């Protein structure tokens, strides 16, 4: 690579002593590592904490759960929380809490459950071990329609991606492999649509959607997103590299134009189609503003809209929100882990996002 | 681009696709016989033309129609012509620099908020992306890993980004804890106006800078190596190499990055909306949110006004996009 | 089956005329080679015959039927492309089968034909591979196989050997000749390589700037080129052209009327007592022959190819003669003038 490299990482002299640029490089990378990954990791760790633990300040890094102990009292076995306690004589012990009255806790020794010891709550700390509050994940599944939102998001993502691939590849084929009058006009219109992002057309687009009776349907979310000129451009650019002789050979082989499209050109465009498919999945999964406008019925919400609505409710239940955020993030993280190299080279090559 | 991967993906989808496509080959052959090549071209273009027409072109015309008609109705026939009333309302100010002196103070608040956001955010992105690209381009071990590190947030959804940072920036959040540990005074990030602005800029930079760094990195890697070797043979000082070789050759890419970032920053909505909801007060209310609120959400709902505002934003975006296309053409020729 | 006739064919791209008044008849079973320098329109002419392109004017007949407006698919021709144009995502087998499937041929018949052709071309071991896994020569065979398997009315070959290395080209050339003899099918073969043209053709069509210069059997072309262009294009190294004055020592019996230029092939110059006085400037000893570059007293350049070894050094003078019957005469318009019998 370039010599800026040397500019930035050169080590003065031969002794391998660190130059200030090395320090800058590694500080930058270190800060990047913490800043870029840190928040997501913090989110995941927090999502496993109980509400009580989330409210703690200073926060702990790892999620903990309080230890409990089974105590048999009056023939009845109960699980009681366990505490480290400093007794009035200054000695330390582990006691289970029976009940709490004001600032005083009534505690018992699990070994001797009959004797109640009164301890000021300032003199005790809960005994905890690292543990995960799985309830944060399980509860929203039933209580907050999480499953429904997930289904809606998957449906929107998959359908929109399939339609995008089909329509865009057909148009790209026509625009790359045929000479016809008006081709440049069509290309120009497509370029023009690049300049009209969704955010400019929000209001009239909504009126079109409602005229078509698509408001409050997932199709109302899907169809407008299919009109991305980016996909047509990406595929056309790729198809231009397919030699015309192949298509002529197919014509000599009595292939119909439709066959040429789906048996010759489409398979050869697979790499570009894969790039577009991955991007489309990420785009549609992450879409927020448009679904927010189209969907007002709760059972139709996509994950993003559902999550936002839930987070906007008066009584913010962070333990559920954090868990759902993690769940929403998981597909994208999977895409990232497996296809990161594919995507980054795709971006560098196409300037697509 | 990995062909093995593409092949695998292809193999999974190929069979059903081929079966479906083959099933409509016969009618299409007939169509081709009847209409010739022209008919087939029309067939291939039709789905896209319908979608583009219905969801981009027609709405654009409706947009213009809305901007000169009044009322709350969505059907054009139910709306009355009001001329330039919406534009007058949006543009009338005693002093354009003071939103409170404007007839639509919310609009001008959004305009100036957006302007301030765009300037600060794009500058920050340009600087951080440049630094990151330079460092990723240097001789560091595991470059692929580091590239992935900076790219990671780019894929996250704006809602996830907003929520992550809302959690970290809350009064008793991680950031304040770290600040206390470092003997700094904790800050009410999302409650104080200026800090909320800082948070909005910071979070959006966090979410997008990796993308721009990648573009710049590609630009850096395209600079021929022998230029640097020639400079080294001449004994050119590294700083001079940077300012006389790297920067001039990277300049076209940097401009493209800046314009791209501008286009996105003008439309900023998602992550800031989730993070701050436009608050506190209206301190992080940006243009797209204004359009959204006026067009859909608030009791002040006024589609015509929202259309007028979006057309003005669209004007800015068209200028920027034309600039971007021109720049890219220039870069690809250079 | 397989007779092709072109009548008054013109092809224009905008104002640019690439084919001008092409009239040609290719007989059944003939191997006809289109040859000419690059840009002469030979490939364009082939495309008009194939149906991949439509002529601006004129007609194409196959077996007496006007096919000018018939699509490429329905002309019953097969084409071998310069780049082979094998479908990269299909195996060799699928490549061969594709056209047959499109003809709705029964599967058993397809299998039989592929088996026959792959045996004939010795590509049986490659049948399951993709084009990317084949060498250049193997791809070439598959491309030819794809044409043969269709059992076409005629074969169109567009510079089929130009992507092969020199050695392979020679052996493939021989195979193509054998194949033509075996199939007995009409073939139209486009090349810019005159050796290919000379060795393969029953008849050669020499094209220049979109016009047919001469149509003749290979040796006729060599012996009796109709104009200076054909004379210079056919034969390597190319013919020497001398002014009548320079050539005077060779012209014992005088010249026909109107001769402006005398042509003599380098191979036809031999050392003699009397003839052209050559001063050697460069000597290339190739072993089987010696190529001598030299200048005449007038300063005109001359090339001579003499068989065997010859002890000549630059600066040496030597005298070269030629058999008067092997001289070619051209008038001021570069057209052939026949010697007086």
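Values quoted throughout were computed directly from the atomic coordinates according to the rules given, and no laboratory measurement underlies them. What you see is a predicted model; the values in this text were computed from it and never measured. Virtual Cβ from ideal backbone geometry, glycine too; neighbours counted across all protein chains shown.
Report, as a whole number in µm² per second, the diffusion coefficient that Stokes-Einstein gives for segment A:8-160 at 4 °C and 1.567 mPa s using the Kirkwood radius over alpha carbon pairs. Show your work: numbers first, answer last.
Working: Rh = 20.6 Å.
The calculation lands on 63 µm²/s.
Among the DSSP beta bridges whose two residues both lie in chain A, what percent are antiparallel, rounded to the nearest 5?
100 percent
Using Cα centres only, tell me the gap between segment C:167-245 and segment A:87-119 in whole Å.
So the separation of the two Cα centres works out to 111 Å.
Taking only Cα atoms and a 10 Å spring cutoff, compute GNM fluctuations for chain C and point out the largest among C:187, C:239, C:103.
Looking only at C:187, C:239, C:103, the largest GNM fluctuation is found for C:103.
On full extension of the chain, what length is gained from residue C:1 through residue C:326, given 0.36 nm per residue of separation minus the C-alpha to C-alpha distance?
Values: separation 325, 0.36 × 325 = 117.00 nm, distance 3.97 nm.
Contour length minus Cα-Cα distance gives 113.0 nm.
Given the Cα atoms of segment C:81-170, and with Rh set as the inverse mean 1/r over their pairs in the Kirkwood sense, what is Rg to Rh to two decimals?
0.95
Taking R0 as 60 Å, what FRET efficiency do you get between residue B:72 and residue C:83 from their Cβ-Cβ distance, rounded to the nearest 0.05?
Working: r = 63 Å, r/R0 = 1.06.
FRET efficiency, residue B:72 to residue C:83: 0.40.
What number does chain A give for Rg over Rh if you use C-alpha atoms and the Kirkwood radius?
1.16
For segment B:3-67, what does the convex hull of the Cα positions come to per residue, in cubic angstrom?
Hull volume over Cα atoms, normalised by residue count, gives 157 Å³.
In nm², what is the average projected area of the convex hull enclosing the Cα atoms of the protein assembly as shown?
Working: hull surface 257.0 nm².
In nm², the orientation-averaged hull projection of the protein assembly as shown is 64.2.
Of B:116, B:244, B:193, which has the largest mean-square fluctuation in a 10 Å C-alpha GNM of chain B?
Judging by the Gaussian network model, the answer is B:244.
Looking at the square roots a ≥ b ≥ c of the eigenvalues of the Cα gyration tensor of chain B, which shape do they give, rounded for a/c under 1.5, prolate if a/b is larger than b/c, or oblate?
Here chain B falls in the oblate category.
Grab the beta carbon distance between residue A:316 and residue A:23, set R0 = 56 Å, and tell me the FRET efficiency rounded to 0.05.
Efficiency at R0 = 56 Å is approximately 0.85.
Starting from the Kirkwood radius over alpha-carbon pairs of segment A:64-130, derive D by Stokes-Einstein at 20 °C in a medium of 1.002 mPa s and give it in µm² s⁻¹.
Rounded to a whole number, D works out at 179 µm²/s.
Shape verdict for segment C:238-331, please, from the Cα gyration tensor: rounded (a/c under 1.5), prolate (a/b greater than b/c) or oblate.
prolate
Just B:227, B:136, B:305 to compare: in a GNM of chain B, with alpha carbon springs under 10 Å, which one fluctuates most?
Fluctuation is largest for B:227.
As a test of the formula, what do you get for chain B when each DSSP H run with n ≥ 4 contributes -39,500 (n - 2.57) and the sum is divided by the residue count, at 222 nm and rounded to the nearest 500 deg cm²/dmol?
Estimated from H runs of four or more residues: -23500 deg cm²/dmol.
Which whole-number percent gives the relative contact order of chain A, counting Cα pairs below 8 Å spaced six or more residues apart?
18 percent
Going by average Cβ density within 10 Å per residue, which order do the peptides C:148-157, C:119-128 take, highest to lowest?
Going from most to least packed, we get C:148-157, C:119-128.
Based on C-alpha coordinates, I'd like the Rg and Dmax of segment A:148-250, in Å.
When restricted to the Cα atoms of segment A:148-250, Rg and Dmax are 16.5, 50 Å.
DSSP beta bridges in chain C, what fraction antiparallel, as a percent rounded to 5?
Of all bridge pairs located within chain C, approximately 75 percent are antiparallel.
I want to check the label-to-label distance for residue C:284 and residue C:335. Put each point 7 Å from Cα in the C-beta direction and report it in nm to one decimal.
If labels sit at residue C:284 and residue C:335, their model points lie 3.5 nm apart.
So if R0 is 45 Å, what FRET efficiency would residue C:220 and residue B:319 give, r being the distance between their Cβ atoms, rounded to the nearest 0.05?
So, using R0 = 45 Å, E works out to roughly 0.05.
Relative contact order (percent) for segment A:250-353, with alpha-carbon contacts under 8 angstrom and 6 or more residues of separation?
For segment A:250-353, the relative contact order is 21 percent.
For the protein assembly as shown, give the share of DSSP beta bridges that are antiparallel, in percent and rounded to the nearest 5; count only bridges with both residues there.
80 percent
Using only alpha carbon pairs under 8 Å that are at least six residues apart, calculate the relative contact order of segment A:211-285 and give it in whole percent.
On the way: 21 pairs, mean separation 26.5, N = 75.
It rounds to 35 percent for segment A:211-285.
Along its three principal axes, how long is segment B:246-334 when you only count alpha carbons? Whole Å, largest extent first please.
If we take the Cα atoms of segment B:246-334, the spans are 52, 27, 14 Å.
How many angstrom lie between the C-alpha centres of segment C:16-77 and segment B:146-221?
67 Å
Which whole number gives the average, over all residues in B:263-275, of C-beta atoms from other chains lying within 10 Å of the residue C-beta? If you can, show how the numbers build up before the last one.
Details: counts 3, 2, 0, 2, 5, 1, 4, 7, 1, 0, 4, 6, 0.
That works out to 3 on average.
Per-residue Cβ counts within 10 Å, from other chains only, averaged over A:35-44: what number is that?
Working: counts 6, 11, 4, 3, 12, 6, 0, 6, 7, 1.
For peptide A:35-44, the averaged partner shielding equals 6.
Among B:272-285, A:58-71, how do they line up by average Cβ neighbours within 10 Å per residue, starting with the highest?
B:272-285, A:58-71
Return the average number of partner chain Cβ atoms within 10 angstrom of each residue Cβ along peptide A:335-345.
Values: counts 1, 7, 2, 1, 3, 7, 6, 4, 5, 11, 4.
Average per residue, whole number: 5.
Tell me the angle of helix C:136-148 to the major Cα principal axis of chain C, expressed in degrees between 0 and 90 and rounded to the nearest ten.
60 degrees
Under a plain spin-label model, where a point goes 7 Å from the Cα along Cα-to-Cβ, how far apart in nm are residue A:183 and residue C:309?
My value for the distance between the label points is 6.2 nm.
Beyond 17 Å, what share of the Cα-Cα pairs of segment C:1-123 is found? Please give it as a whole percent.
Working: 4900 of 7503 pairs.
When every Cα pair of segment C:1-123 is considered, 65 percent fall beyond 17 Å.
Using only DSSP helix segments of four residues or longer, with each worth -39500 (n - 2.57), what per-residue ellipticity at 222 nm results for chain A after dividing by its residue count and rounding to 500?
-18000 deg cm²/dmol
Take the eigenvalues of the Cα gyration tensor for chain C, scale each by 5, and report the square roots as semi-axes in whole Å, largest first.
45, 25, 15
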